[in-house]
Amino acid sequence: MRQLVLLLYAVFIACASLLPVNSGVVGQWDKLGHLGMYGLFALLGYWAVPRTRPFLFLCLAIIGFSGLMEILQSFMPGRMMSVYDFVANTVGVVLGALLARSLWPAVARLR
């Protein structure tokens, strides 16, 4: 069940990343949004796969997924690939992973 939630979140991120947009205007909170969405991705990953080694590989996969989303955005109308978005996504994964590891006792109670 936890892995399904993680997969559904990945689908949500892909849809949000790849839907064409009409406006090229990016709000001032854009990078914070990237950081938060990918931080939550890492937290959900830790909830789904709490063992250290698989979780680290999952975090690397999430970062790779983020890079793929950025590349694919360059082919979508109204979207642009951005290295800064990729950096914000990566920082979000790292902060989410660190937060998940520090919250392990609370996460363990949810299992």
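The values are calculated or read from the model by the stated rules, or taken from the named source; none is laboratory data. Only a predicted model underlies this, so the values are computations on that prediction, with no experimental measurement involved. Here Cβ is always computed from backbone atoms with ideal geometry, including for glycine, and neighbour counts include all displayed protein chains.
Name every residue in segment 3-19 that is loosely packed, with under 15 Cβ neighbours inside 10 Å and part of a helix (DSSP H, G or I), in order of residue number. Matches in segment 3-19: Gln3, Leu4, Val5, Leu7, Leu8, Val11, Phe12, Ala14, Cys15, Ala16, Leu18. With respect to Val87, is the statement that it is in contact (Cβ under 8 Å) with a residue 40 or more places away in the chain, out of contact with any strand residue (DSSP E or B) (no Cβ under 7 Å at 6 or more places or on another chain) and surrounded by 12 or more Cβ atoms within 10 Å (Cβ to Cβ) true? It is false that Val87 is in contact (Cβ under 8 Å) with a residue 40 or more places away in the chain, out of contact with any strand residue (DSSP E or B) (no Cβ under 7 Å at 6 or more places or on another chain) and surrounded by 12 or more Cβ atoms within 10 Å (Cβ to Cβ).
Being surrounded by fewer than 19 Cβ atoms within 10 Å (Cβ to Cβ), free of Cβ contacts under 8 Å to residues at least 40 places away in the same chain and touching a helix residue (DSSP H, G or I) at 6+ places or on another chain (Cβ under 7 Å): is that true of Ser74 here? So Ser74 fails the test. Among the residues of segment 39-74, those identified as under 15 Å from Asp85 (Cβ atoms) and not polar (S, T, N, Q) are Gly39, Phe41, Ile62, Ile63, Gly64, Phe65, Gly67, Leu68, Met69, Glu70, Ile71, Leu72. Restricting attention to segment 20-60 and to residues that are assigned to a loop (DSSP other than H, G, I, E, B) and surrounded by 12 or more Cβ atoms within 10 Å (Cβ to Cβ), the residue that is modelled with the lowest pLDDT turns out to be Val26.
For Gly36, the stated conditions hold: it is under 10 Å from the mean Cα position of the chain (by Cα), touching a residue at least 24 places away in the same chain (Cβ under 8 Å) and farther than 16 Å from Trp104 by Cα.
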